Every structure is written in C-alpha cells, then in structure tokens.
C-alpha cells in the first residue's frame with residue numbers, strides 16, 4: 001500500500017514501535033534516546049524526532065502517560081506529582097512567549113499605513129499578549145493558587161478573572 005493510499009489515521013510502523021516501547025516504561029523510569037533510536041533504526045533526536053513526538057502525543061492522549069525530556073539523555077515517564085508541578089514551568093514559558101510576541105508586534109514601523117483589518121489584528125494581538133503576560137506573572141499565579149486552595153478545585157474562568165481583579 002502506498003503512502004498516498006494509506007488512511008490518514010494509520011500509524012507508521014516506526015511510530016507504533018515507539019508507542020509500544022514507551023508504553024512499557026514504568027512511572028519515574030527513563031528510556032534513552034539511543035535505545036529508542038536503535039529500536040527503529042533512525043535517530044529520534046534528529047530525522048525521526050517527529051515520530052517520537054507523535055508517539056508521546058498518542059500515549060498522552062490515549063493512555064494519560066506523560067514523558068518529560070532529560071536533555072541529551074532520553075525521556076522519563078512523569079509521576080502524577082511531576083505532571084502537576086509541570087504546570088508552573090509551562091506558565092513561565094507561556095508568559096515568555098507572550099512577551100516575545102508583544103516585542104515582535106511592536107516592531108511595526110508604519111502602523112498608520114496598515115489596513116483597518118491589520119490594525120485590528122495588530123492591536124488584538126498586543127492586547128492578548130498583555131493579558132497573557134499579566135496572568136502569568138508570579139503574583140497573579142499566586143492569587144489564582146489561593147483561590148483554588150479556597151475552593152478546593154480548579155476555578156471557573158470567570159471566578160479566576162474575579163480573583164485577578166481583586
């Protein structure tokens with residue numbers, strides 16, 4: 001069967017092999033990139049990186065298995081506590097990305113000659129970046145954490161916004 005004839009959802013043999021190998025990894029256990037590369041005969045840190053990313057996404061989506069990167073070593077299957085704590089790292093990353101976005105958007109040299117539609121997109125982008133930057137600041141995150149602690153569960157969006165207003 002040619003690649004063109006294959007159904008869109010059909011996994012490649014290499015991705016399936018990676019999924020099967022990662023599925024066998026115990027919580028808090030690591031698997032090296034060299035082991036995974038040897039399994040499929042391709043370097044999973046270079047050309048076959050996409051195959052490994054697909055395998056990780058499949059396991060996270062279908063089996064709630066999350067793997068973190070050990071730089072230059074391999075992957076480690078995260079504990080529940082590790083997964084819970086990973087949110088802090090991701091929040092910081094999102095904040096940095098929002099600040100980079102705002103810096104890039106502020107490089108528009110001839111704002112006055114933008115079309116009305118482009119001005120709206122530009123200003124909306126700056127506004128979203130500012131809001132994301134604001135809510136990811138440590139002080140705001142602590143305020144949300146305090147609200148979550150009081151409620152004993154995740155805050156509904158509107159309540160989270162109310163907490164940030166206070």
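Hey, can you tell me all the residues within region 43-68 that are surrounded by 15 or more Cβ atoms within 10 Å (Cβ to Cβ) and on the phi > 0 side of the Ramachandran plot?
Listed by number, the list is empty, since nothing qualifies.
Return the only residue of 116, 146, 129 being outside the structural domain of residue 66 (by TED's automatic domain parsing) and loosely packed, with under 11 Cβ neighbours inside 10 Å.
Just a single option satisfies the conditions, and that option is 116.
Pairs please, first residue from region 59-86 and under 20 Å from residue 49 (Cβ atoms), second anywhere and surrounded by fewer than 11 Cβ atoms within 10 Å (Cβ to Cβ) and at pLDDT 95 or above, Cβ atoms under 9 Å, 6+ apart in sequence or on different chains.
That search, which allows pairs on different chains as well, returns 76/29; 77/26; 77/29.
If residue 61 satisfies all but one of (1) in the same structural domain as residue 32 (by TED's automatic domain parsing); (2) in contact with a helix residue (DSSP H, G or I) (Cβ under 6 Å, 6 or more places away or on another chain); (3) part of a helix (DSSP H, G or I), what's the number of the condition it fails?
(2)
Taking residue 103 as the residue in question, decide whether it is assigned by TED's automatic domain parsing to the domain that holds residue 141 and either over 30 Å from residue 67 (Cα atoms) or assigned to a loop (DSSP other than H, G, I, E, B) (or both).
Details: assigned by TED's automatic domain parsing to the domain that holds residue 141: yes; either over 30 Å from residue 67 (Cα atoms) or assigned to a loop (DSSP other than H, G, I, E, B) (or both): yes.
Criteria met by residue 103.
Regarding residue 76, is this residue surrounded by 14 or more Cβ atoms within 10 Å (Cβ to Cβ), under 22 Å from the mean Cα position of the chain (by Cα) and under 30 Å from residue 23 (Cα atoms)? Please lay out each step first, then the result.
Details: surrounded by 14 or more Cβ atoms within 10 Å (Cβ to Cβ): yes; under 22 Å from the mean Cα position of the chain (by Cα): yes; under 30 Å from residue 23 (Cα atoms): yes.
For residue 76, the condition - surrounded by 14 or more Cβ atoms within 10 Å (Cβ to Cβ), under 22 Å from the mean Cα position of the chain (by Cα) and under 30 Å from residue 23 (Cα atoms) - is met.
Might you let me know whether region 115-126 holds any residue that is under 30 Å from residue 68 (Cβ atoms) and assigned to a helix (DSSP H, G or I)? I'd like the intermediate steps shown before the answer.
Keep residues of region 115-126 that are under 30 Å from residue 68 (Cβ atoms), which gives none.
Checking region 115-126: not a single residue is under 30 Å from residue 68 (Cβ atoms) and assigned to a helix (DSSP H, G or I).
Could you please let me know if residue 90 is under 30 Å from residue 134 (Cβ atoms) and surrounded by 14 or more Cβ atoms within 10 Å (Cβ to Cβ)?
no
In region 98-113, what residues are under 24 Å from residue 135 (Cα atoms) and surrounded by fewer than 13 Cβ atoms within 10 Å (Cβ to Cβ)?
100, 103, 104, 106, 107 - these are the residues of region 98-113 that are under 24 Å from residue 135 (Cα atoms) and surrounded by fewer than 13 Cβ atoms within 10 Å (Cβ to Cβ).
Filter region 1-42 for residues that are surrounded by fewer than 14 Cβ atoms within 10 Å (Cβ to Cβ), part of a loop (DSSP other than H, G, I, E, B) and modelled with pLDDT of 95 or more and give the result.
Listed by number, the residues that qualify are 24, 26, 27, 28, 29, 41.
The values are calculated or read from the model by the stated rules, or taken from the named source; none is laboratory data. It should be emphasised that the depicted structure is a prediction, and the values quoted were computed from it without experimental measurement. Note that each Cβ is placed from the backbone with ideal geometry, even for glycine, and that neighbours are counted across all protein chains shown.
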